[in-house]
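**Q** Got a structure for you, written out below as structure tokens; questions coming shortly.
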Amino acid sequence: MPFVSAAFFIGPVAVTAPLVLAPLAGYTDCAFRLLCREKGAGLCFSEMVSTHGLSYQSPTTERLLATHNDDHPFFVQLFGSDPAFYAAATAFLTTLPIEGIDINMGCPVKKVVKKGAGAALMKTPALAEKIITAVTKNTSLPVTVKFRSGWDSDHINAVEFARMAEWSGAAAVTVHARTWKQAFGGRADWNIIAAVKKAVLIPVIGNGDVTCYEMGQQMMLESGCDGVMVGRGALGNPWIFSAAGRPQTVHGRAAGLLRHLHLITATTTQGFPPDRFLAAVRGHAARYFTGLAGAAELRKKIFGSRNFEELVTLVTRLC
Ligand SMILES: Cc1cc2nc3c(=O)[nH]c(=O)nc-3n(C[C@H](O)[C@H](O)[C@H](O)COP(=O)(O)O)c2cc1C
């Protein structure tokens with residue numbers, strides 16, 4: 001079944017397919033983004049990058065910004081709580097080959113929230129407004145804001161927050177339809193996405209609990225959102241971005257994983273060979289076989305591989 005809406009624009013940036021890859025810390029690096037694009041993702045985001053960290057420009061931060069000719073449109077996501085740091089980070093990002101800047105106002109993690117960043121900004125809308133303005137005023141790139149339904153069920157303010165983001169110059173918003181209190185548990189309430197869509201003129205990307213392509217379509221139909229952001233549902237399942245869906249055979253899944261491993265090799269930057277991230281790579285790899293007979297045995301073998309090369313050999317044999 002075709003999607004209700006095939007494409008939308010974020011400022012001047014065309015998003016040619018409605019399913020987009022979420023920012024996922026530790027997962028959505030250049031290789032995974034390229035793979036998801038090959039399968040149909042219309043837009044990808046970096047994982048969250050600290051505005052303070054950017055001011056030091058460490059090699060680790062640089063790696064988070066690494067991109068590729070085929071890695072477009074690409075939005076870099078910032079987090080922090082000081083408008084001055086956002087302004088400086090924005091000026092720097094605007095010199096990079098990226099299409100947009102996203103602001104994280106939804107992260108529930110304690111050490112982020114404690115510093116007034118992430119979802120804590122939903123409790124301080126005046127500061128959130130200053131931050132969005134600091135970014136929009138310092139770039140010609142489109143700026144998006146990702147936030148939640150609200151702080152908790154007694155403080156649902158996504159609609160007011162979206163309107164504030166729109167006035168402050170945001171070109172689109174993403175609504176993760178859970179409260180801070182829910183973190184990643186419970187169910188996302190797509191009605192909140194529908195309410196935000198009715199309240200603003202800029203595009204609205206809905207997010208929360210989409211685990212297959214058809215559910216993405218369902219979210220669009222139910223909420224009227226312009227695009228659908230997929231997070232956990234894409235891990236080990238880049239096929240989620242295509243109508244054909246996930247192969248149901250070991251060799252079909254292994255072929256996708258092997259492509260992922262090749263992209264990791266192809267995008268390896270100096271000082272960051274694949275072996276340096278073996279734990280993270282194995283974490284991705286182990287998710288590919290979920291739901292198939294023999295998945296537990298395969299996971300064991302994946303975690304038993306002692307280096308990247310061994311993992312490639314194992315996966316090649318499965319293809
Ligand atoms: C491991 C992990 C890392 C995440 N990292 C980020 C991040 O860096 N920035 C962000 O805005 N959201 C982050 N999120 C939240 C997701 O982008 C998304 O909003 C959330 O998982 C809900 O979508 P889903 O139900 O499709 O997974 C993360 C979530 C997970 C599970």
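**Q** In segment 210-240, which residues are open to solvent by less than 10 Å² (accessible area, probe 1.4 Å), within 13 Å of the ligand (Cβ to nearest atom) and either at pLDDT below 95 or in a helix (DSSP H, G or I) (or both)?
**A** Gly216, Met219, Ala234, Ile240
**Q** (1) in contact (Cβ under 8 Å) with a residue 40 or more places away in the chain; (2) closer than 18 Å to Asn104 by Cβ: which one isn't true of Ser140, the others all being true?
**A** Looking at each condition in turn, Ser140 falls short on (2).
**Q** Filter the helices (runs of 4 or more DSSP H) completely within segment 250-319 down to those with at least 1 residues that are open to solvent by less than 20 Å² (accessible area, probe 1.4 Å) and without any contact (Cβ under 8 Å) to a residue 40 or more places away in the chain.
**A** Values: elements: 250-266, 278-286, 295-304, 308-318.
The qualifying helices (runs of 4 or more DSSP H) are 250-266, 278-286, 295-304.
**Q** So which residues in segment 15-35 are touching a Ser or Thr at 6+ places or on another chain (Cβ under 8 Å) and hydrophobic (A, V, I, L, M, F, W, C), if there are any at all?
**A** Of everything in segment 15-35, those that are touching a Ser or Thr at 6+ places or on another chain (Cβ under 8 Å) and hydrophobic (A, V, I, L, M, F, W, C) turn out to be Leu21, Ala22, Cys30, Ala31, Leu34.
**Q** Which of the following residues is within 19 Å of Ala266 (Cα to Cα), polar (S, T, N, Q) and in contact (Cβ under 8 Å) with a residue 12 or more places away in the chain: Thr51, Thr28? Walk me through how you get there before you give the answer.
**A** Numbers: Thr51 fails: within 19 Å of Ala266 (Cα to Cα).
Just a single option satisfies the conditions, and that option is Thr28.
**Q** Let me ask another. When Asp102 is evaluated against the numbered criteria (1) over 26 Å from Pro12 (Cα atoms); (2) not in a helix (DSSP H, G or I), which criterion, by number, is the only one it fails?
**A** Failing condition for Asp102: (1).
**Q** Spot the failing condition for Asp154; the list is (1) assigned to a loop (DSSP other than H, G, I, E, B); (2) touching a residue at least 24 places away in the same chain (Cβ under 8 Å); (3) more than 15 Å from Arg232 (Cβ to Cβ); (4) not β-branched (Val, Ile, Thr), and only one is missed.
**A** Only one criterion is unmet by Asp154, namely (2).
**Q** Of the residues that sit in segment 192-209 and are within 14 Å of the ligand (Cβ to nearest atom) and open to solvent by 10 Å² or more (accessible area, probe 1.4 Å), which one is farthest from Ser149 (Cα to Cα)?
**A** Per the criteria, the residue is Asp209.
**Q** Something else now. Since Phe184 meets every condition but one in (1) under 16 Å from Gly106 (Cα atoms); (2) open to solvent by less than 10 Å² (accessible area, probe 1.4 Å), which condition does it not meet?
**A** So Phe184 meets the others, but not (2).
**Q** Can we say Ala84 is hydrophobic (A, V, I, L, M, F, W, C), in contact with a strand residue (DSSP E or B) (Cβ under 9 Å, 6 or more places away or on another chain) and not in a strand (DSSP E or B)? Show your work before the answer.
**A** Values: hydrophobic (A, V, I, L, M, F, W, C): yes; in contact with a strand residue (DSSP E or B) (Cβ under 9 Å, 6 or more places away or on another chain): no; not in a strand (DSSP E or B): yes.
Considered against the rule, which asks whether it is hydrophobic (A, V, I, L, M, F, W, C), in contact with a strand residue (DSSP E or B) (Cβ under 9 Å, 6 or more places away or on another chain) and not in a strand (DSSP E or B), Ala84 comes out as no.
**Q** Under the condition of being open to solvent by 10 Å² or more (accessible area, probe 1.4 Å), part of a strand (DSSP E or B) and small (Gly, Ala, Ser), which residue from segment 2-53 is farthest from the ligand (Cβ to nearest atom)?
**A** This residue is Ala14.
**Q** So, of the residues in segment 85-110 that are more than 13 Å from the ligand (Cβ to nearest atom) and free of Cβ contacts under 8 Å to residues at least 24 places away in the same chain, which turns out to be most open to solvent (accessible area, probe 1.4 Å)?
**A** Lys110
**Q** Also: Any idea which residue in segment 65-84 is farthest from the ligand (Cβ to nearest atom), counting only those that are open to solvent by 50 Å² or more (accessible area, probe 1.4 Å) and among the acidic types (Asp, Glu)?
**A** Restricting to residues being open to solvent by 50 Å² or more (accessible area, probe 1.4 Å) and among the acidic types (Asp, Glu), the top hit is Asp70.
The values are calculated or read from the model by the stated rules, or taken from the named source; none is laboratory data. Here the structure is a predicted model, which means the values were calculated and not measured. Using ideal geometry, Cβ is built from the backbone for each residue, glycine included, and neighbour counts are taken over all protein chains shown. Ligands, DNA and RNA are stripped out before the accessible areas are found, and what is left, the full protein with its side chains, is counted by its heavy atoms. Shrake-Rupley method; radii C 1.70, N 1.55, O 1.52, S 1.80 Å.
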